[in-house]
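Heads up, the thing below is written out as structure tokens.
Please treat every number below as a calculation from the coordinates, not as lab data. All values reported here derive from a predicted model rather than from experimental measurement. Using ideal geometry, Cβ is built from the backbone for each residue, glycine included, and neighbour counts are taken over all protein chains shown.
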Amino acid sequence: MRSPTFTPAPVSGRPRLVAAALACALYLQLGWVVLLVPSLVLRLESGFRQSDAGFGFLYFAWWSAYALGALAGGWVTERIGRRPVLVLSFLAGGLLLLAQGAVTDWWVFLLLGIPRSFGSGAVDSGGTALMLDLYPEGRGRALNTAHFFFAVGATAAPFVVGALDGAGVAWQALMTASGVALVLVGLAAAITPMPDGRHHRMAAAPAVSAAPAVAAQRPERRLAFRLPILALALAIGCYIGTETGVSSWLVRFFADAPLVVATGALGLFWGGLMLGRLASAAFSDRFNHLTLAIGAAVLAGCSLAVAVLMPVLPVSVALFGVVGFACGPVYPLIMALAGERYPDRAAAVSGVLTSASVIGSVVVPPLMGFLSAAVGMEALMLATAAMSAACAGALVLNGRLK
């Protein structure tokens, strides 16, 4: 019979800094890749002769694969270790991006993105689990720092796309360069020391009876069904629905403005999100993580509604920076709350919540694409603001659960 897990000795000193730097590089590249296609959506719709509904289906397929990759990545990491999962995910993702930059058929482009998105999901959950293992004593700061770099990559993507599009650079060149960068980060992961992430066990003393032994194992098997995790899963799913709904369709929302203005609005959103995570990294561990997450979610929903309804274009564009700033701390703080409840299950908890978060991506951006012609993008953007309020409600529920 096996006992509950034990927590390996924490990594410290220079090896921890090197591993943390790798996690930040992973998130930098991940943020760039996740925002690359939404930044190119108008050019890709034109080049492949697709409608919003076509891209809604693309988002559904890719984000579904992302969710499965996040869940599978946590499960596989606990069994074979973190390094092979991260290295394989990045190398395969880079090669698939290179292939996407070379194809001319819409369905080939879409299908190549499915395994690439699966690998991105594994990287997302793996990076969070890595930071949880590296910094058990300051999870709020550590996760906000790592996800700050995700926001840096996501902020850069629309600004770079807008600038290079104006200079006449083809979208294929951007896909190819991104693929090369992913391969390089994957090679760096192959040589960087890091906690292995396996779910370690040790032999236990003989159980007094069978019932206590079964009870000792039940929490492990049913981690994903515990009420606090379910509440956090609902919260993070609603939050990501807001974030990806805005990210995926903000350029389309400003389609009547010049492309540089539309991509600039998306860049401001992610720039604000980047600053929000930077600010949260500085002070989040000084305050209650739950209270901060609830306040940030409420502010994000309110400011998003005002930004959508604002009739003055420059003010509306600027307000999306405020929305991003409010959104910034929410995701890392939810992950920190989960890590505090289950400190010895970092890979599993990260996999479950990352997968749950991507359900928001699987549902919201595709649905917005399918409904845009009938409902209008303004109404759909307001619906994403309501999802941020739902995120706050789920966090309140989590705080009441023991």
Original post:
Taking the Cβ of residue 108 as the center, what net charge do the other residues with Cβ under 15 Å away carry, scoring Lys and Arg +1 and Asp and Glu -1?
Top reply: +1
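Could you size up the charge dipole of the chain around its Cα centre, putting +1 on the beta carbon of Lys and Arg and -1 on that of Asp and Glu, and report it in debye to the nearest 20? Don't skip to the answer; put the middle values down first.
Details: 24 positive and 16 negative charges, 261 e Å.
With only Lys, Arg, Asp and Glu charged at Cβ, the dipole is about 1260 debye.
Under the rule a/c < 1.5 gives rounded, and otherwise a/b versus b/c splits prolate from oblate, where does the stretch 105-164 land using the Cα gyration tensor?
In terms of gyration-tensor shape, oblate.
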Original post:
Once the Cα atoms of helix 227-253 and of the chain are each reduced to a long axis, what angle between those two axes, in degrees from 0 to 90 to the nearest 10, is obtained?
Top reply: 20
Original post:
In Å, the Kirkwood hydrodynamic radius of the stretch 1-152 over pairs of distinct alpha carbons?
Top reply: 16.8
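Could you tell me whether the stretch 233-290 comes out rounded, prolate or oblate from its Cα gyration tensor? Rule is a ≥ b ≥ c as square roots of the eigenvalues, rounded for a/c under 1.5, then prolate if a/b exceeds b/c, otherwise oblate. Write out the running numbers ahead of the final one.
Numbers: a/c = 5.62, a/b = 1.76, b/c = 3.20.
It comes out oblate by the Cα gyration axes.
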Original post:
Can you work out ³J(HN,Hα) from phi for every residue in the stretch 118-129, in order, using Karplus 6.51 cos²θ - 1.76 cosθ + 1.60 and θ = phi - 60°, giving whole Hz and x for Gly and Pro?
Top reply: 4, x, 4, x, 5, 5, 4, 5, x, x, 5, 4
**OP:** Step through the residues of the stretch 29-41 one at a time and calculate ³J(HN,Hα) from phi using the Karplus curve (6.51 cos²θ - 1.76 cosθ + 1.60, θ = phi - 60°), rounding each to whole Hz and writing x for Gly and Pro.
**Re:** 5, 5, x, 4, 5, 4, 8, 5, 5, x, 6, 9, 4
Subject >> Karplus-derived HN-Hα couplings along the stretch 352-364 (A = 6.51, B = -1.76, C = 1.60, θ = phi - 60°), whole Hz, x at Gly and Pro >> reply: 4, 6, 4, 4, 5, 5, 6, 4, x, 6, 5, 8, 6
**OP:** Please report the relative contact order for the chain, taking Cα pairs under 8 Å with a sequence separation of at least 6, and give it as a percent rounded to a whole number.
**Re:** 30
Original post:
Where does the charge balance sit around residue 81 when Lys and Arg score +1, Asp and Glu -1, over other residues with C-beta under 14 Å from its C-beta?
Top reply: +1
**OP:** Please say if the stretch 14-90 is rounded, prolate or oblate, where rounded means a/c under 1.5 for a ≥ b ≥ c the square roots of the C-alpha gyration tensor eigenvalues, and otherwise the choice is prolate for a/b larger than b/c and oblate otherwise?
**Re:** oblate
Original post:
Whose amide H sits under 5 Å from the amide H of residue 170, counting only residues 5 or more places off or on another chain, with H placed in the peptide plane?
Top reply: none
Original post:
Rg (Å, one decimal) plus Dmax (Å, integer) for the alpha carbons of the chain?
Top reply: 20.7, 74
**OP:** At q = 0.15, 0.16, 0.25, 0.29 Å⁻¹, work out log10 I(q)/I(0) for the stretch 146-198 with the Debye formula, treating every Cα as an identical point scatterer and leaving solvent out; two decimals please.
**Re:** -0.60, -0.66, -1.06, -1.13
**OP:** Starting from 0 in steps of 5 Å, tell me what percent of the Cα-Cα pairs of the stretch 296-401 lands in each bin.
**Re:** 2, 11, 17, 21, 20, 13, 8, 5, 2, 1, 0
Original post:
Roughly how tilted is helix 330-341, in degrees to the nearest 10 and between 0 and 90, from the longest Cα axis of the chain?
Top reply: 10
Subject >> Two-decimal Rg to Rh for the stretch 233-389 - Kirkwood Rh, Cα set >> reply: 0.99
Original post:
Sorted by packing (mean other beta-carbon atoms within 10 Å per residue), highest first, where do 124-136, 302-314 land?
Top reply: 124-136, 302-314
